[in-house]
Structure formats: structure tokens, C-alpha cells
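Notes for the one structure printed next.
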Amino acid sequence: MNLDLTKYKRLFTFGCSFTNYRFPTWAHILSKSMPDCEFHNLGRGSGGNLFIANRITEANKKFKFCETDLVIVMWSTLCREDRFVNDNWVLAGNIFTQGYYDDKFVKKFCDPVGYLIRDLSLIELSKTYLNSLLCDNYMMLSVPFTNQIVEETKTTTDVLATYRDLINSFPASMFELEMNNSWTNDVIYRMSDGQVQVDYHPTPMNYYNYLTKLGFALNEDSKLYALESDKTYRTVESIEQLQALFYEEYDFFTTKNMW
């Protein structure tokens, strides 16, 4: 990678909860190595690739990306429903595990192959769009596309072949490099009702390690920030406590629109 982080005046980051969460992600850690940069984290928890693509276009319309801007995108997983309703984005996460849409809707309208076709097209269009602008851009994956295909069919094989150049243009994903291709984590929160919840997101140090493996020239401030955030994160016993610790800087539950 040949990114000179000192040349940029603004940093824009896009993605899902792997980009904007209850504690620092790769986006916040990277920003510490760009202290003179205006930082805009436009990721949202549970956001899918339709939401991300919309945000990229909207952000350019509002901020007018230029040659001193760095735009970085970490694309989300497939099978997500993103809809703008009543002046807010409804982001339900994975359609097959969420509780917002009823079973009738899921059975009638939701097809993993359809999401693969939709999202690869959206990502291709977004990549072409960003490449046409003056800003520098870099794209990453939270999870590789091939890991998300439940059943390999002739259609999925054809779709992946059609977008082979796009797929091969991405570096190894966070899921591969720092999560060992497994949704496991040793951090557990106790909920207000006494139940427990495992947090399957990468840790701050996972994010730091991922960026360094991709070749980002992070400074000591980023490393110390990731180490301290990781240490703090692991002392938390409840989601409420975690939210209180990082609330001022990272409002995961924000409902603010782009405008």
C-alpha cells in the first residue's frame, strides 16, 4: 500500500458496525494516525451495502470529495434489508436472523442469491463512482463473499465469475485475517434481564492488527489508543456500562441522517 496519510485533510469512513460500534473500530484507530484530519465516520450499526452505497453518494454531494480527501469503505455482509422510512433508516441487519420483518415477508421476498446479485452490483457501481472523483479511496471487506454463500448453485457460480475482477481487487477480509474465519469471541455482556450476550465483533486490537497487516502506516498514537481501548473494553460487564464508557465519542445508537 502506498497511502501517505499526511497528505489528507479529511477522512471519510463508511460501513456497518465493523466501522461504527459501541467501542473504537478500525476507523477511529486510523484517525489517531491522522490527527490533523477532519474525521467523518458515516458507518452505522446493522447497515447493509445498499445503505453504505447511498451514504457514499450522499456524502460526496454534501462534502464534495476532493484531492485531499481519503475515503475508506468496509463493505458489510449480504442479506441485509436497508430502507429509509419516516425520515430515518431502518437497518435490521441480517434478514434471516433479525426480528423486524415477519416470516411471511422473508419467505416471499428474501433470497441469498438475489442479495449477492444486488450487492456486487452496488459495490461495482460505488467503486467506479469513487474512482471517477478526485479523492483517494480504499475498499475492504468485513467478510468475504464466498463465506456467505449457503448453497452453491449455477447462478451463484455465474455471478461470482462475472464479478471476479471486483472480488479479486479486495485485500483479505477482517474475518479472514483477524477473526480466523470464526464468529467467536471471549467477551460476554450481562443484560439487564440477567441473560448473557456474546459480542462477536472484532476487538480494538483486532482492528489495529488488521490495518497494519494491510500496510497502513499507523503511528504510536493509534497503537496506544487501540491497546487502551481493548483493555477497557475487556473490563466491561454489561452493554450499558460499555455504552456509558464510549458514549460521547461513539454513539452507536444515533438516528441522525446525513443531512
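The values are calculated or read from the model by the stated rules, or taken from the named source; none is laboratory data. Please read these numbers as outputs of a predicted model, since none were measured by experiment. Cβ sites come from the backbone with ideal geometry, for glycine too, and all protein chains shown count toward neighbours.
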Which of the residues belonging to the stretch 22-42 are surrounded by fewer than 24 Cβ atoms within 10 Å (Cβ to Cβ) and of a type in the set (Gly, Ala, Ser)? Ser31, Ser33
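At least 2 residues that are of a type in the set (Lys, Arg) and over 28 Å from Ala217 (Cβ atoms) in each: list the strands (runs of 3 or more DSSP E) lying fully within the stretch 28-103 that qualify. Please lay out each step first, then the result.
Details: elements: 38-41, 69-75, 80-85, 88-94.
It comes to 80-85.
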Over the stretch 1-27, the set of residues of a type in the set (Lys, Arg) and over 16 Å from Phe216 (Cβ atoms) is Lys9, Arg10, Arg22
Would you be able to say whether some residue in the stretch 187-195 is hydroxyl-bearing (Ser, Thr, Tyr), more than 27 Å from Glu58 (Cβ to Cβ) and at pLDDT 75 or above? no
All but one of (1) in contact (Cβ under 8 Å) with a residue 12 or more places away in the chain; (2) more than 25 Å from Lys231 (Cβ to Cβ); (3) in a loop (DSSP other than H, G, I, E, B) hold for Asn2, so report the exception by its number. (1)
Quick one: in the stretch 90-104, of everything that is small (Gly, Ala, Ser) and crowded, with 16+ Cβ neighbours inside 10 Å, which residue is nearest to Asn49 (Cα to Cα)? Gly93
What pairs come out if I take residues in the stretch 126-138 that are small (Gly, Ala, Ser) and pair them with residues that are surrounded by 15 or more Cβ atoms within 10 Å (Cβ to Cβ) and assigned to a helix (DSSP H, G or I) whose C-beta lies under 7 Å away, six or more apart or interchain? Ser126/Ala53; Ser126/Ile56
Just need a number here: residues in the stretch 48-68 that are in contact with a helix residue (DSSP H, G or I) (Cβ under 8 Å, 6 or more places away or on another chain) and crowded, with 21+ Cβ neighbours inside 10 Å. 6
Hey, among the residues in the stretch 139-169 that are small (Gly, Ala, Ser) and without any contact (Cβ under 8 Å) to a residue 60 or more places away in the chain, which one's farthest from Val71 (Cα to Cα)? Ala161
Residues that are touching a residue at least 60 places away in the same chain (Cβ under 8 Å) and either loosely packed, with under 11 Cβ neighbours inside 10 Å or in contact with a helix residue (DSSP H, G or I) (Cβ under 6 Å, 6 or more places away or on another chain) (or both), drawn from the stretch 78-88: Leu78, Cys79, Asp87
